[in-house]
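The values are calculated or read from the model by the stated rules, or taken from the named source; none is laboratory data. Computed from a predicted model, the values in this text were never measured in an experiment. All Cβ positions, even for glycine, are placed from backbone atoms using ideal geometry, and neighbour counts span all protein chains on display.
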Amino acid sequence: MSNSINTNVGAMVALASLRVTQSALNSASKQVQTGYRVADAADDASTFSVAQGIRGNLQAYQAVQGSLANGVGLGAVTMAALTGLSDLIGNMQAKLTQLADGSLNFNQSIIYFNDFYQMTTQMQNFIDQANYNGTNLLSAGSATKTFLSSVNATTLNLSSQSSVYSAFTTFATTAILPASQAAAALVSLQTFRQAVDVALGTNAAEARTLKLQSNFVNSIVDATTTGLGAIVDADIGKASASVQALQVRQQLGIQSLSIANQQPSVLLGLFR
């Protein structure tokens, strides 16, 4: 094609190639800067729409994770308190049996009574301190707590164990001196033991269910996050290498455009 001062075809070709290079460079640079292959709808509208739906599901699962975590924590605290009570009941039974011995003198009875009182105080501490995030399932008047177990708003429960508090209160206020009353207190202790055993079994089963569901939801979140990453995450190594290669192409394109723009100057030679 002949040279023209109106249309510089070579410059137009060089400029078009430079634009393509610049667009690819911008895309690769964006991947490096954001870490995403699809950062917004402009990158890939359909993929971005799918990714947004998955992100919405993840947010719902995160709410479930938080609720289950609270349930697992409350179950563990309640279990620790009930286990402590169960362990002390055996010691308490031995102490009451000793107090029921009519051959003890007054001083010996007081020694056993003081030991009994300290164990009772410790039991009260176990009940009072079985508190997690403002909830105590062992307290008087406590209610069953409900926790989210799925994004469909299904729930799991931790039952109130206020019967333990009631049984303990009855036992703790039972007279244990003299020896004849200590024997009667053993009956009250057995009622308390039964309440603790029932609560321990119920809480253990419910807490285990919450823990298993929490692990399951965590696995779902991990798998979903991995899938989302496969859809939208950039290959940073590949993108970085592309940036470097495109920068070289950009420099070559600029030089080509400069050379093409110098071609019309050849026409000036005809006028010398």
How many residues are over 23 Å from the mean Cα position of the chain (by Cα) and either closer than 17 Å to VAL20 by Cβ or free of Cβ contacts under 8 Å to residues at least 24 places away in the same chain (or both) if we restrict to the stretch 211-258?
20
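Per-residue answers, yes or no, for (1) part of a strand (DSSP E or B); (2) polar (S, T, N, Q); (3) free of Cβ contacts under 8 Å to residues at least 24 places away in the same chain:
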{"site": "GLY84", "(1), (2), (3)": "no, no, no"}
{"site": "ASP87", "(1), (2), (3)": "no, no, yes"}
{"site": "ILE111", "(1), (2), (3)": "no, no, yes"}
{"site": "PHE126", "(1), (2), (3)": "no, no, no"}
{"site": "ASN152", "(1), (2), (3)": "no, yes, yes"}
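When only residues in the stretch 184-242 that are in a helix (DSSP H, G or I) and acidic (Asp, Glu) count, which is surrounded by the fewest Cβ atoms within 10 Å (Cβ to Cβ)? Reasoning before the result, please.
Here is the first cut: in the stretch 184-242, the ones in a helix (DSSP H, G or I) are 184-232, 236-242.
Of the ones still in play, those that are also acidic (Asp, Glu) are 197, 206, 222.
On the way: ASP197: 15, GLU206: 23, ASP222: 10.
That would be ASP222.
Taking the conditions exactly as written (touching a helix residue (DSSP H, G or I) at 6+ places or on another chain (Cβ under 8 Å) and either of a type in the set (Val, Ile, Thr) or more than 29 Å from SER162 (Cα to Cα) (or both)), does VAL64 satisfy them or not? Talk me through it step by step, then tell me what you get.
Values: touching a helix residue (DSSP H, G or I) at 6+ places or on another chain (Cβ under 8 Å): yes; either of a type in the set (Val, Ile, Thr) or more than 29 Å from SER162 (Cα to Cα) (or both): yes.
Considered against the rule, which asks whether it is touching a helix residue (DSSP H, G or I) at 6+ places or on another chain (Cβ under 8 Å) and either of a type in the set (Val, Ile, Thr) or more than 29 Å from SER162 (Cα to Cα) (or both), VAL64 comes out as yes.
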Note on GLN124: of the conditions (1) modelled with pLDDT of 90 or more; (2) out of contact with any Phe, Trp or Tyr (no Cβ under 9 Å at 6 or more places or on another chain), unmet is (2)
ALA94 part of a helix (DSSP H, G or I), of a type in the set (A, V, I, L, M, F, W, C) and at pLDDT below 80:
no
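Which residue is modelled with the highest pLDDT, if the candidates are limited to the stretch 97-121 and must be touching a helix residue (DSSP H, G or I) at 6+ places or on another chain (Cβ under 8 Å) and among the hydroxyl-bearing types (Ser, Thr, Tyr)?
Taking the stretch 97-121 first, the residues touching a helix residue (DSSP H, G or I) at 6+ places or on another chain (Cβ under 8 Å) are 97-102, 104, 109, 112-113, 115-116, 119-120.
With among the hydroxyl-bearing types (Ser, Thr, Tyr) added as a condition, the list becomes 97, 109, 112, 120.
On the way: THR97: 79, SER109: 74, TYR112: 76, THR120: 89.
Looking at the filtered set, the residue picked out is THR120.
Residue-by-condition table, conditions (1) under 37 Å from the mean Cα position of the chain (by Cα); (2) among the aromatic types (Phe, Trp, Tyr):
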site: MET119; (1), (2): no, no
site: ILE127; (1), (2): yes, no
site: ASN136; (1), (2): yes, no
site: ALA167; (1), (2): yes, no
site: PHE171; (1), (2): no, yes
site: PRO178; (1), (2): no, no
site: ALA184; (1), (2): no, no
